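What follows is calculated from the coordinates using simple rules that are stated; it is not laboratory data. All figures in this text were calculated on a predicted structure; none of them were measured in a lab. Note that we place each Cβ from the backbone using ideal geometry, even for glycine, and neighbour counts take in every protein chain shown.
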Amino acid sequence: MADNVSHRYIVIEGPIGVGKTSLAKRLAETLNAELILEQAETNPFLERFYRNPVSAALPAQLHFLFQRVQQLSSLRQDDLFAVVRVSDYLLEKDRLFARVILDESEYALYEQIYSRVVSDPPRPDLVLYLQAPVDVLLERIGRRGIKAEQLIERAYLEKLNEAYARFFHDYDAAPLLIVNAAAIDPSTREGDYAELLGAVRRMKRGRLYFNPLRHSVI
């Protein structure tokens, strides 16, 4: 049975290793929602990028861009809000990654392509931004044991974390629930998940901070 929630299109975002995909899967199951996941494992350039970012950054990023645009464009052929949908990515974050990994000339080319292929992307009516320190991200990446991700360097995660913080500092395109995810595991701990689900239910507009260490939404 679906859990009652007013949101029809929920996006969960955050840096690599923070737990967004696991949370998206569990939330979609609770809400009896359609699950929209980015398919990182199908990107043929990703492991090469982690091994040598300079040589593979542009093809890896363009593969993700085309994949995400195609996936969301197919959704827009239907009524996006006819059913509840939960996704583990926000299309606009594609530029965030591009800005971190591409040099100036590559980014200029990327922007030209982005402006041509991205047109009026579907807008979520709730975004969950999961935050965690780099040490936590590295520990979780190591624990889940995805081969390509074991090549990720600390410096890359530090840049990515900073880029996410800047991006969501100014984000106002949808209601935003900022989650301190460092000390919780809502994918496996029932109490953590129940508390976060309650915050999702209560979230209506604006920007809220969910800090489970204080057991409150402030």
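For the reader, a short list of remarks on this structure follows.
- Helix 190-202 axis, angle to the chain major axis (alpha carbon atoms, nearest 10°): 90
- Helix 134-144 vs. the chain, principal-axis angle (Cα, 0 to 90°, nearest 10): 90
- Tilt relative to the chain, helix 104-117 - C-alpha long axis, 0 to 90 degrees, to 10: 60
- When +1 charges are put on Lys and Arg Cβ atoms and -1 charges on Asp and Glu Cβ atoms, the dipole computed for the stretch 9-217 relative to its Cα centre reaches about 360 debye.
- Extreme residue, positive dipole direction of the stretch 51-152, given options 91, 105, 130 (C-beta unit charges): 130
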